[in-house]
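Student: Please find one structure pasted underneath; my questions will follow.
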Amino acid sequence: MSDPRAEHGLESRLARLESIVERLEREDLELLEALSLFEEGIAHVREARAVLERTRLRVERLVIELNGAVSLEPQAE
Amino acid sequence: MSGSLDLFAAAEAERQTRRPDSRGGEPEPRTTYSVSGLNRLVRELLDASLPPLWVAGEVANWKRSPRGHCYFTLRDAQAQVRCVLFAKEARQLPTEPAEGMRVRAFGAVTLYESRGDYQLVVRELEARDSGGLWRLAFERLRQKLEAEGLLAPERKRPLPLGPRRVGVVTSPVGAALQDVLRVVEQRAPWTTVVVSPARVQGEGAELEIAAALDALGRHGRVDVVIVGRGGGSVEDLWAFNREEVARAIARCPVPVVSAVGHEVDVTIADLVADQRAATPSAAAERVVPDGEAVGRRVRSAAARLEGALGHRLAHRRRELMGALDGLSRCMTRRLEARFNRLARATDKLEALSPLAALRRGYAVAQDETGRVLRRADDFRRSSRFRLRVLDGRVECRVEDVVETEERGGSRDE
């Protein structure tokens with residue numbers, strides 16, 4: 001089982017959530033397995049909602065120094 | 001040798017006889033020019049008397065020197081003229097013209113003194129056919145990249161769904177960047193946009209774009225890249241038709257969406273990119289998901305999740321209940337004897353248990369760790385203790401401790 005709190009892309013999180021829902025709906029699972037899938041699914045729902053509620057775009061700027069060093073700087077809005 | 005001497009003599013004679021006419025009959029001392037002097041004189045005459053002009057013709061024998069100067073011939077059916085395009089101007093050409101290409105050249109007529117040839121020093125060169133040199137350069141590069149397989153459909157990578165970090169290579173001050181940021185913020189504001197700035201037009205722009213792409217691919221930790229600019233003329237967009245940009249797109253480790261704002265003409269960047277969008281806004285729409293749609297998916301999945309488990313639990317509960325009923329019907333009698341034995345054992349255990357003593361009215365004092373406090377001295381160590389009585393606990397505070405002479409407790413230890 002994958003850790004629902006890991007840094008998933010939103011899409012892979014949604015895909016995992018939907019496959020959990022399908023398994024729960026379709027397969028005849030052991031109760032314990034069903035419960036742990038349910039818990040994982042709920043965690044994905046919670047994390048996905050948290051992502052969706054983030055409303056401020058973050059902008060970073062890649063800066064190439066004269067000596068070739070590259071750094072990422074957050075850009076002030 | 002004597003033949004050539006005779007020729008010189010003849011020419012000298014002719015010059016002498018014509019001399020009076022050349023300066024309106026004014027007498028003039030006989031002048032003998034060196035060859036260099038003559039050529040300088042002719043060059044000065046040409047330079048002074050002919051302003052720069054346009055000449056139309058076909059290109060032949062194009063040659064580029066190691067220093068980048070280009071030498072060629074312009075000709076029509078009857079005549080030809082030598083031309084030179086110096087390196088500085090040659091760099092402005094999108095590509096070298098093909099042999100026989102119909103062009104117009106703008107330049108000054110002058111004399112190449114060391115050879116005595118007259119030539120056109122070209123400052124501008126343009127093809128007369130539609131698209132001209134731009135078209136030709138495009139086709140040449142397209143064919144080259146195609147031969148290497150860089151345009152093959154199977155090289156196209158799918159865009160990541162719901163990227164966390166989106167890279168943008170464009171001018172930091174252009175409208176293209178603002179368009180991308182606006183669309184991403186509207187649709188998927190949880191995304192991080194990483195800007196890798198580059199000049200997108202002017203000399204050297206192709207190198208800046210390529211470097212910005214490379215840096216973004218190596219250090220930006222992005223899932224997908226948008227490279228582009230707002231619209232512009234063919235010349236403005238030219239950096240996106242350069243080989244440097246094409247190769248940087250091809251070697252980018254993540255999928256690239258080109259967004260050169262020009263619907264009509266396809267650029268080389270468009271052909272190499274994994275996807276082509278007509279404008280920077282369209283590219284952003286293609287790259288990030290629509291937050292509304294994602295929200296609907298989450299809500300729907302959550303509802304189904306709860307429904308599925310509720311259904312499953314109800315089903316299991318019925319199963320469990322049925323099983324328990326059966327169990328009690330079948331097993332009660334067989335279990336009865338064991339229940340009885342268990343009851344008897346419990347009675348005995350209870351008689352031995354400290355609970356029995358408690359029932360008779362004794363209490364046990366314990367400190368907060370559960371240690372039994374047996375002696376008066378034990379109560380000096382902490383002001384609080386706990387009394388365990390038959391049906392519960394009493395939290396107590398020590399008011400005073402008085403020791404008696406009895407040391408009876410030591411027997412227990």
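The values are calculated or read from the model by the stated rules, or taken from the named source; none is laboratory data. Being a predicted model, the structure only gives us computed values, none of them experimental. Cβ sites come from the backbone with ideal geometry, for glycine too, and all protein chains shown count toward neighbours.
Student: Report yes if some residue within the range B:6-22 is hydrophobic (A, V, I, L, M, F, W, C) and either touching a strand residue (DSSP E or B) at 6+ places or on another chain (Cβ under 8 Å) or modelled with pLDDT of 90 or more (or both); otherwise report no.
Tutor: No, the range B:6-22 contains no residue that is hydrophobic (A, V, I, L, M, F, W, C) and either touching a strand residue (DSSP E or B) at 6+ places or on another chain (Cβ under 8 Å) or modelled with pLDDT of 90 or more (or both).
Student: Filter the range B:151-166 for residues that are small (Gly, Ala, Ser) and crowded, with 19+ Cβ neighbours inside 10 Å and give the result.
Tutor: Passing the criteria: only B:Gly162.
Student: Out of B:Val122, B:Val169, B:Val200, B:Val184, report the one residue that is more than 28 Å from B:Leu93 (Cβ to Cβ) and surrounded by 15 or more Cβ atoms within 10 Å (Cβ to Cβ).
Tutor: B:Val184
Student: Anything in the range B:388-403 that is aliphatic (A, V, I, L, M) and more than 14 Å from B:Val364 (Cβ to Cβ)? List them, or say none.
Tutor: Once the filter is applied, which keeps residues that are aliphatic (A, V, I, L, M) and more than 14 Å from B:Val364 (Cβ to Cβ), the range B:388-403 yields B:Val398, B:Val401, B:Val402.
Student: Next question, about the same structure. For the range B:23-60, give me the residue count where each residue is of a type in the set (D, E, K, R) and modelled with pLDDT under 65.
Tutor: 3
Per-residue answers, yes or no, for (1) more than 12 Å from the chain's Cα centre (by Cα); (2) at pLDDT 90 or above:
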site: B:Arg218; (1), (2): no, yes
site: B:Val222; (1), (2): no, yes
site: B:Gly228; (1), (2): no, yes
site: B:Ser233; (1), (2): yes, no
site: B:Trp238; (1), (2): yes, no
site: B:Ala250; (1), (2): no, yes
site: B:Glu263; (1), (2): yes, no
site: B:Arg276; (1), (2): yes, yes
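Okay, residues lined up against (1) surrounded by 22 or more Cβ atoms within 10 Å (Cβ to Cβ); (2) of a type in the set (Asp, Glu):
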position	(1), (2)
B:Arg229	yes, no
B:Glu235	no, yes
B:Arg251	no, no
B:Val257	yes, no
B:Asp265	no, yes
B:Ala284	yes, no
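Student: Would you be able to say whether some residue in the range A:25-40 is touching a residue at least 12 places away in the same chain (Cβ under 8 Å), facing chain B (nearest Cβ under 9 Å) and farther than 20 Å from B:Arg165 by Cα?
Tutor: yes
Yes/no per residue for (1) more than 14 Å from chain A (Cβ to nearest Cβ); (2) of a type outside the set (Ser, Thr, Tyr):
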site: B:Ser196; (1), (2): no, no
site: B:Val227; (1), (2): no, yes
site: B:Asp236; (1), (2): yes, yes
site: B:Arg242; (1), (2): yes, yes
site: B:Ala246; (1), (2): yes, yes
site: B:Gln275; (1), (2): yes, yes
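Student: Take A:Ser19 and decide whether it is more than 7 Å from chain B (Cβ to nearest Cβ), modelled with pLDDT of 85 or more and loosely packed, with under 15 Cβ neighbours inside 10 Å.
Tutor: Answer is yes for this residue.
Student: For residues that are of a type in the set (Ser, Thr, Tyr) and assigned to a strand (DSSP E or B), scanning just the range B:106-131, find the one that is farthest from B:Leu46 (Cα to Cα).
Tutor: B:Tyr112
Student: Determine whether the range B:152-160 contains at least one residue that is at pLDDT below 85 and within 14 Å of another protein chain (Cβ to nearest Cβ).
Tutor: No, the conditions are met nowhere in the range B:152-160.
Student: I've got another one for you. Given the conditions (1) in contact with a Ser or Thr (Cβ under 9 Å, 6 or more places away or on another chain); (2) within 7 Å of chain A (Cβ to nearest Cβ), which single one is not true for B:Thr192?
Tutor: All conditions are met except number (1).
Student: Considering only the range A:41-64, state which residues are part of a helix (DSSP H, G or I) and either crowded, with 18+ Cβ neighbours inside 10 Å or at the interface with chain B (Cβ under 8 Å from one of its Cβ atoms) (or both).
Tutor: A:Gly41, A:Ile42, A:His44, A:Val45, A:Glu47, A:Ala48, A:Arg49, A:Val51, A:Leu52
Student: Please give the number of the condition B:Trp134 fails out of (1) crowded, with 17+ Cβ neighbours inside 10 Å; (2) among the hydrophobic types (A, V, I, L, M, F, W, C); (3) in a loop (DSSP other than H, G, I, E, B).
Tutor: Tallying (1) crowded, with 17+ Cβ neighbours inside 10 Å; (2) among the hydrophobic types (A, V, I, L, M, F, W, C); (3) in a loop (DSSP other than H, G, I, E, B), B:Trp134 fails exactly one: (3).
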